[in-house]
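Below: one structure, written as structure tokens.
The values are calculated or read from the model by the stated rules, or taken from the named source; none is laboratory data. Here the structure is a predicted model, which is why all the values come from computation and not from measurement. Cβ atoms come from the backbone with ideal geometry, glycine included; neighbour counts cover every protein chain shown. Side chains included, ligands, DNA and RNA excluded: accessible areas come from the protein's heavy atoms. Shrake-Rupley method; radii C 1.70, N 1.55, O 1.52, S 1.80 Å.
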Amino acid sequence: FLLVSSVVDALPFASAAVLMPTNRGVLLSCDGTDQKALRSMLGHAERFLREHPWPMAATMLHREAGEWREFLLTGELAEIHGSLVRLSAAITYNDQQVALQKHLGDDIFVGTYSLIRRGEGPDSLRSWSSWTKDVPTLLPQTDLVILGRPRSDGKHDMLMVSWAALAQSCGPRMKQTDERPARFMVNEFPSEQEWQVLAREGEAFVSSN
């Protein structure tokens, strides 16, 4: 329906229409100049992504010069949409994870794309993955990465860092693979010096077991 011009042209707000193909068989639309309508559509999109089968994406689109382009929100609506994008990515990554783990076997850990609330407000949802020392890992690209290394007492040193900080410190050793959405193969764990650099920017803690 998104590609059928007559469908969009039939909308009373066709010239300003914003559309979201959140699910196969579900196409949401609203007037892109109406903030209340945009907020309402985001709410419906979240419900469809969470409750209905075959989710597609949280991308918002509008026609510009006869072409479909991404519609970019600002302010609080952009924060709400950012959470939807992460939710959509979690669904896609986790479907991908199951298939990749079965294909690759047990020699490589295919990292899980998980979600966590950090703080309050519509922009509090963050994505995270984990990387444990001596475990070859295919990392999904997430906001945060939890690094873990064993201690002599049987516990683990844990460090939560941003993706940007990890890429800056270990970027040359993070090899992007062909998967979409993006994944990075990591084998060589951060050195002690790199760990200390990351610890200054991240959040360190010790596991209970």
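Does Ser114 qualify as being touching a residue at least 12 places away in the same chain (Cβ under 8 Å), under 14 Å from the mean Cα position of the chain (by Cα) and more than 29 Å from Val197 (Cα to Cα)?
On the way: touching a residue at least 12 places away in the same chain (Cβ under 8 Å): yes; under 14 Å from the mean Cα position of the chain (by Cα): yes; more than 29 Å from Val197 (Cα to Cα): no.
For Ser114, the condition - touching a residue at least 12 places away in the same chain (Cβ under 8 Å), under 14 Å from the mean Cα position of the chain (by Cα) and more than 29 Å from Val197 (Cα to Cα) - is not met.
Name the residues in the stretch 1-31 that are open to solvent by 40 Å² or more (accessible area, probe 1.4 Å) and either among the hydroxyl-bearing types (Ser, Thr, Tyr) or within 30 Å of Ala90 (Cα to Cα) (or both), would you?
Just the residues of the stretch 1-31 that are open to solvent by 40 Å² or more (accessible area, probe 1.4 Å), to begin with: 1, 3-7, 9-13, 15, 24-25, 27, 29, 31.
The answer is Phe1, Leu3, Val4, Ser5, Ser6, Ser15, Arg24, Gly25, Leu27, Ser29, Asp31.
For the stretch 32-51, what are the residues that are out of contact with any Asp or Glu (no Cβ under 6 Å at 6 or more places or on another chain), of a type outside the set (Lys, Arg) and open to solvent by 20 Å² or more (accessible area, probe 1.4 Å)?
Here is the first cut: in the stretch 32-51, the residues out of contact with any Asp or Glu (no Cβ under 6 Å at 6 or more places or on another chain) are 32-36, 38-51.
Cutting the leftovers down to of a type outside the set (Lys, Arg) gives us 32-35, 38, 40-46, 48-49, 51.
Scanning the stretch 32-51 gives Thr33, Asp34, Gln35, Ser40, Gly43, His44, Glu46, Phe48, Glu51.
Of the conditions (1) in contact (Cβ under 8 Å) with a residue 24 or more places away in the chain; (2) under 21 Å from the mean Cα position of the chain (by Cα), Gly148 clears all except one; give me its number.
The single condition Gly148 does not satisfy is (2).
Need pairs with beta-carbon distance below 7 Å; first residue more than 17 Å from Ala65 (Cβ to Cβ) and within the stretch 1-19, second assigned to a helix (DSSP H, G or I); sequence gap 6+ or separate chains.
Partner pairs satisfying both residue conditions: Phe1/Val7.
Name the residues in the stretch 29-60 that are at pLDDT below 95 and assigned to a strand (DSSP E or B), would you?
Answer for the stretch 29-60, where residues must be at pLDDT below 95 and assigned to a strand (DSSP E or B): just Pro55.
If I filter the stretch 89-99 for residues that are more than 13 Å from the chain's Cα centre (by Cα), over 26 Å from His44 (Cβ atoms), open to solvent by less than 20 Å² (accessible area, probe 1.4 Å) and among the hydrophobic types (A, V, I, L, M, F, W, C), do I get at least one hit?
Checked the stretch 89-99: no residue is more than 13 Å from the chain's Cα centre (by Cα), over 26 Å from His44 (Cβ atoms), open to solvent by less than 20 Å² (accessible area, probe 1.4 Å) and among the hydrophobic types (A, V, I, L, M, F, W, C).
Can you name the residue in the stretch 117-131 that is free of Cβ contacts under 8 Å to residues at least 40 places away in the same chain and under 22 Å from Arg149 (Cα atoms) and is also least open to solvent (accessible area, probe 1.4 Å) among such residues?
Ser129
Can you name every residue in the stretch 140-157 that is of a type in the set (S, T, N, Q) and surrounded by 13 or more Cβ atoms within 10 Å (Cβ to Cβ)? Give the steps one after another, and end with the answer.
Our first condition is that a residue be of a type in the set (S, T, N, Q); within the stretch 140-157, this holds for 141-142, 152.
Across the stretch 140-157, the qualifying residues are Gln141, Thr142.
Among the numbered conditions (1) at pLDDT 95 or above; (2) under 14 Å from the mean Cα position of the chain (by Cα), tell me where Leu125 comes up short.
Of (1) at pLDDT 95 or above; (2) under 14 Å from the mean Cα position of the chain (by Cα), only one is false for Leu125: (1).
Within the stretch 125-159, count every residue that is more than 22 Å from Pro181 (Cβ to Cβ) and either touching a Phe, Trp or Tyr at 6+ places or on another chain (Cβ under 6 Å) or outside any strand (DSSP E or B) (or both).
Count: 8.
Of the conditions (1) part of a loop (DSSP other than H, G, I, E, B); (2) in contact (Cβ under 8 Å) with a residue 24 or more places away in the chain; (3) not basic (Lys, Arg), Ser169 clears all except one; give me its number.
It is condition (1) that Ser169 fails.
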